[in-house]
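What follows is a short report on a single structure.
Just so you know, all these numbers are worked out from the coordinates, no wet-lab data involved. A quick note: this is a predicted structure, and the numbers were derived from the prediction, not measured. In this analysis, Cβ positions are derived from the backbone assuming ideal geometry, glycine residues included, and neighbour counts consider all displayed protein chains.
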Amino acid sequence: MFDPVMQQILGLARQLWGFLAGLLVVVAMLGGLYYVLQGAAGASFGGSRMVSTAVLGMIGLALLVLIGFLLLPQIGAMLRSLQPPPPF
Amino acid sequence: MGFEGVLMDLLREAWGALALALALIALLGMLAHLLRVAGGMAMGGARGVAAGLAGGAGIFAIVLFGFLAVPEIARAARAAMAAPTCGPMADLAGAAAMLIGAIGALRMLQAVAEATVGAALGGPASLARAMWAAAETVFGMAMTAMVLPLIFRFLGGC
């Protein structure tokens, strides 16, 4: 009875997942560009703290994207396997 | 299959659909919070990063509660229910208690799903409604198992 509705919801969720993943890439790329600009500015007038902040920020953003693309699907598979059968 | 069996099958299907929806909501919510963290990092806002990480962890904790604790609470409530042993009405009282337990388990999972939606949208992650639903379920099953035989006894059915 619920299968057709769940198929519709699954389709919507897949589209939303694609949209959010794309948005994550865009945000990470813009953030990376910002950090490149910050690092370049710091390097050009000798601000070592700005450069190190920019490098660390870029590494953090790359780490976040990796978490989003590698860890979250694994968490999703884990949640699917944890899905409990009806207790009644 | 009797009317009770049809109802139980329907409730079991609803449980499966609700559990799947809960997993979907949780996964999308965690991705949204990750996006929030990335946005916070890109703009240098430490508060957004902390809120996003806490929100993702909260969603994960709520879903774990829903998938691990809710079925156990439902099973425990059903196991702890006193068996109604009052003549011909025993079957009716038992079926009613089972249906109340099934509906209560669904209500608990629904409350967990609502809490997950709220946490995914950036609201507070509260499990109070799920706990309230659990208490109502246990109370309803206890009332059905204990009070119905008393009523039937009072009416002279036993």
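Expressed as an acute angle from 0 to 90° and rounded to the nearest 10, what is the orientation of the C-alpha long axis of helix B:46-64 relative to the principal long axis of chain B?
So the inclination is approximately 20 degrees.
Sort B:Arg129, B:Arg47 by Cβ crowding within 10 Å, fewest neighbours at the top.
By the 10 Å Cβ count, ascending: B:Arg47, B:Arg129.
Have a look at the protein assembly as shown and give its Rg and Dmax from the Cα atoms, expressed in angstrom.
Rg then Dmax for the protein assembly as shown, in Å: 24.8, 96.
At 222 nm, what helix-only mean residue ellipticity would the protein assembly as shown give, in deg cm²/dmol to the nearest 500, using -39500 (n - 2.57) for each DSSP H run of four or more?
The helix-only estimate for the protein assembly as shown comes to -29000 deg cm²/dmol at 222 nm.
What dipole magnitude, in Debye to the nearest 20, does the protein assembly as shown give about its Cα centre under +1 on Lys/Arg Cβ and -1 on Asp/Glu Cβ?
That gives a dipole near 580 debye.
Find which of A:Ser44, A:Gln74, B:Gly16 sits farthest along the positive direction of the dipole of the protein assembly as shown, computed with +1 on the beta-carbon of Lys and Arg, -1 on that of Asp and Glu, about the Cα centre.
Final value for the positive-end residue is A:Ser44.
So what are the range A:25-88's ellipsoid semi-axes, whole angstrom, largest first, if each one is the square root of 5 times an eigenvalue of the alpha-carbon gyration tensor?
Square roots of five times the eigenvalues give 41, 10, 7 Å.
Please give, to one decimal in nm, the separation of the simple spin-label points placed at B:Arg129 and A:Leu56, each 7 Å out from Cα toward the Cβ.
Output for this residue pair reads 4.1 nm.
Could you sort the peptides B:50-63, B:15-28 by per-residue average Cβ neighbour count (10 Å cutoff), highest mean leading?
So the order, starting with the most tightly packed, is B:15-28, B:50-63.
Could you tally the net charge around B:Gly29, taking each other residue with its Cβ under 13 Å from the Cβ of B:Gly29, Lys/Arg +1 and Asp/Glu -1?
Every neighbour counted, the sum reads 0.
Could you work out which residue, out of B:Ala46, B:Ala74, B:Ala111, moves most in a Gaussian network model of chain B, that is, has the largest mean-square fluctuation with Cα springs under 10 Å?
B:Ala46
Add +1 for every Lys or Arg and -1 for every Asp or Glu among the other residues with Cβ under 15 Å from the Cβ of B:Gly44, and state the total.
+3
Given B:Ile73, A:Met29, A:Gln15, which one lies farthest toward the positive end of the charge dipole of the protein assembly as shown, if we put +1 on the Cβ of every Lys and Arg and -1 on the Cβ of every Asp and Glu?
Of B:Ile73, A:Met29, A:Gln15, it is A:Met29.
What is the order of B:Met30, A:Met78, fewest Cβ neighbours within 10 Å to most?
By the 10 Å Cβ count, ascending: A:Met78, B:Met30.
Roughly how many debye, to the nearest 20, is the charge dipole of chain B about its Cα centre, given +1 on each Lys and Arg Cβ, -1 on each Asp and Glu Cβ, and no other charges?
Computed about the Cα centre, the dipole is about 380 debye.
I want to verify the translational diffusion coefficient of the range B:1-47 in µm²/s; compute it with Stokes-Einstein, Rh as the Kirkwood radius over Cα pairs, at 20 °C and 1.002 mPa s.
Taking Rh from Cα pairs, D becomes 160 µm²/s.
Where is the GNM fluctuation largest for chain B (alpha-carbon springs, 10 angstrom cutoff): B:Glu114, B:Glu72, B:Glu136?
Looking only at B:Glu114, B:Glu72, B:Glu136, the biggest GNM fluctuation is shown by B:Glu72.
Which one of A:Leu30, A:Leu16, A:Leu56 has the biggest mean-square fluctuation once chain A is modelled by GNM with Cα springs under 10 Å?
Most flexible of the set in this elastic network: A:Leu16.
Could you work out the equivalent-ellipsoid semi-axes for chain B, taking the square root of 5 times each eigenvalue of the Cα gyration tensor, largest first, in whole Å?
The three semi-axes for chain B are 43, 14, 9 Å.
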